[in-house]
Amino acid sequence: MAYGIAGVMNMNMFGIPMSGPTACGFFGATKEDEMCGRWIQLSSMLPLARQHRAPGSEGGPANEPYTLTAPYDQWAKNALMSRLQYVRHIYTCLFETNQEGGSCVDPLFFHFPDDIRTFDPSQTENSFILGNALKVTPVVEAKAGTGAQMVRTYFPKGQWVDMRDFSQIKGSLTAGLWAEVAAPETATETIITHLREGYMIPYQPQDPTTPFMTTKDVLARAELHLVANPNPDGWAQGRLFMDGGEKLSELENGDYEYYQFHLSAGSLKKWVLNDRALEQAGRGLDSLTIVNAETHANTDFACWISNDETVSAVDFKYDAAKVSLTLTDPNGPIDLYKLRNLYYGNSAHDQNLCFGILGHEKQYYKVKGGGTPDLTGTAPLVIELENNAPGGHPDLNLTLTVTEASIVNIRWNYADKPETVKTPYEVPTNIVNMVLKPGHLPLSDFITWSTLTGNNTGEF
């Protein structure tokens, strides 16, 4: 069983990502229920999951999931259900390797080459990265009868969130470390997976009342959720591929959805990567869950904006026990094809872009102290947000200059930068020349100033 993990990683390195061992073994005259239950758990998180025995005397007794004793039969069932919940993530990776090359099951050193401990096969070979984002930790030692079994595994630098309930966060921001994770022998046990820092994945929980059995069921009926684990800068990325799962012509004709997602600065941004798609094929996005989200505990606004600028309210709920923020549209799934941005945050220190709904109004920056900006010189002016709450958005230094006859350069920075925010990124001068040329033209030659209200308020 353990050797099979290295075998699948090797097959991926050789360019054959659709691979996996025969769960519970193909040959052998014996049957070990605990090993078989753990093996099915492992296979559920590999691209190719299969189970069959050699015919005749070479194969031994039947080892299908329904032949296992309790609780191992339930482990097998839970594992198969988990596979369907993660199948969209696995499917996305397989699509990308088909189109672009690459691998789906990787050793830790593929993603953490600067960590020398990830190169020691005796220490880390049993754990692997699935689809760039999930760290999978199978149980490869027999521990029957030990009760709440703990598995020791290595976590490279970063914060890793246990996908079983989001509450357990392992790892360190400064260096890799060893940690123990629970693998109990209860009937609810399933494979151990941790979401990598800086990534998001699609997740489709199984509804026991209406179970889905095929990829088509997953696309048509299963809820679709994005789960994101931001890095310390609040950034995460992920991709999603969805098709009907029935015909090769769906790929050839472009009848599928393929999206890129970025999470940063209180915003989920989406790009359509299949330019032949004209609409969504599935049911849409049921929720965005941000885990390891303690900084979002006081979220007080959220909305999503469509491609045609329609703004819709979004419900938000912070779960302190799971350290997670969940965002949902009260009117049903969000149309992924129409989605442009999903905004969320706390209006005390985040720019509220959900204006026009739930009492939120559009806000403007204005020249501090009133009046209009001087467009004849190059001196920076200080601007402030109107109706700004105490301790809210800091004032900005804004510099407007003409660097060429057709280029207006706008640069900004904090007038008094708070310690809790980062210094804004500035484009290097070797990419964009910020130096004014002799005889440069003032802005007043290009811009005629007029106030929004007509009473010289100095609003932008």
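The values are calculated or read from the model by the stated rules, or taken from the named source; none is laboratory data. Keep in mind that what you see is a predicted model, and the values were worked out from it rather than measured. Here the Cβ is made from the backbone with ideal geometry for all residues, glycine too, and neighbour counts use every protein chain on show.
Return the residues of region 272-310 that are in contact with a His (Cβ under 9 Å, 6 or more places away or on another chain) and of a type in the set (A, V, I, L, M, F, W, C); say none if nothing qualifies. Once the filter is applied, which keeps residues that are in contact with a His (Cβ under 9 Å, 6 or more places away or on another chain) and of a type in the set (A, V, I, L, M, F, W, C), region 272-310 yields Leu285, Leu288, Ile290, Phe301, Cys303.
Here are Tyr154, Tyr91: which of them is assigned to a strand (DSSP E or B) and of a type outside the set (D, E, K, R)? Criteria check complete, one pass: Tyr154.
For Lys317, the criteria (1) loosely packed, with under 14 Cβ neighbours inside 10 Å; (2) not hydrophobic (A, V, I, L, M, F, W, C); (3) not in a strand (DSSP E or B) hold in every case but one, which is (3).
If the condition is being of a type in the set (Val, Ile, Thr) and either modelled with pLDDT of 95 or more or part of a strand (DSSP E or B) (or both), then region 304-313 contributes Ile305, Val311.
Taking region 247-303 and the strands (runs of 3 or more DSSP E) fully enclosed by it, the elements with 3 or more residues that are surrounded by fewer than 19 Cβ atoms within 10 Å (Cβ to Cβ) are at 257-264, 267-272. Residues of region 327-349 that are at positive phi and surrounded by fewer than 21 Cβ atoms within 10 Å (Cβ to Cβ): Gly332 alone. Which ones in region 1-41 are of a type in the set (A, V, I, L, M) and assigned to a loop (DSSP other than H, G, I, E, B)? Residues satisfying the conditions are Met1, Ile16, Met18, Ala23, Ala29. When Ala70 is tested against (1) farther than 29 Å from Gly15 by Cβ; (2) surrounded by 15 or more Cβ atoms within 10 Å (Cβ to Cβ); (3) at pLDDT 85 or above; (4) aliphatic (A, V, I, L, M), just one condition goes unmet, and that condition is (2). Do we have Asn132 as in contact with a Lys or Arg (Cβ under 9 Å, 6 or more places away or on another chain) and over 30 Å from Gly238 (Cα atoms) here? Here the answer is no, as Asn132 does not meet what is asked. For the residues Asp319, Asp308, Asp315, Asp300, the requirement of being farther than 19 Å from Gln260 by Cβ and in contact with an Asp or Glu (Cβ under 8 Å, 6 or more places away or on another chain) singles out Asp315. Scanning region 214-242 for residues that are free of Cβ contacts under 8 Å to residues at least 40 places away in the same chain and closer than 21 Å to Leu94 by Cβ returns Thr214, Lys216, Asp217, Gln237. Filtering region 169-200 to residues that are touching a Ser or Thr at 6+ places or on another chain (Cβ under 9 Å) and among the charged types (D, E, K, R) leaves Lys170, Glu180, Glu185. Being under 21 Å from the mean Cα position of the chain (by Cα) and either at pLDDT 95 or above or not in a loop (DSSP other than H, G, I, E, B) (or both) is a property that does not hold for Thr399.
Summed over region 1-44, residues that are polar (S, T, N, Q), crowded, with 19+ Cβ neighbours inside 10 Å and closer than 18 Å to Asn132 by Cβ total 1.
With respect to the conditions (1) of a type outside the set (Val, Ile, Thr); (2) touching a strand residue (DSSP E or B) at 6+ places or on another chain (Cβ under 7 Å); (3) farther than 23 Å from Arg38 by Cα, Ala175 falls short on a single one, namely (2).
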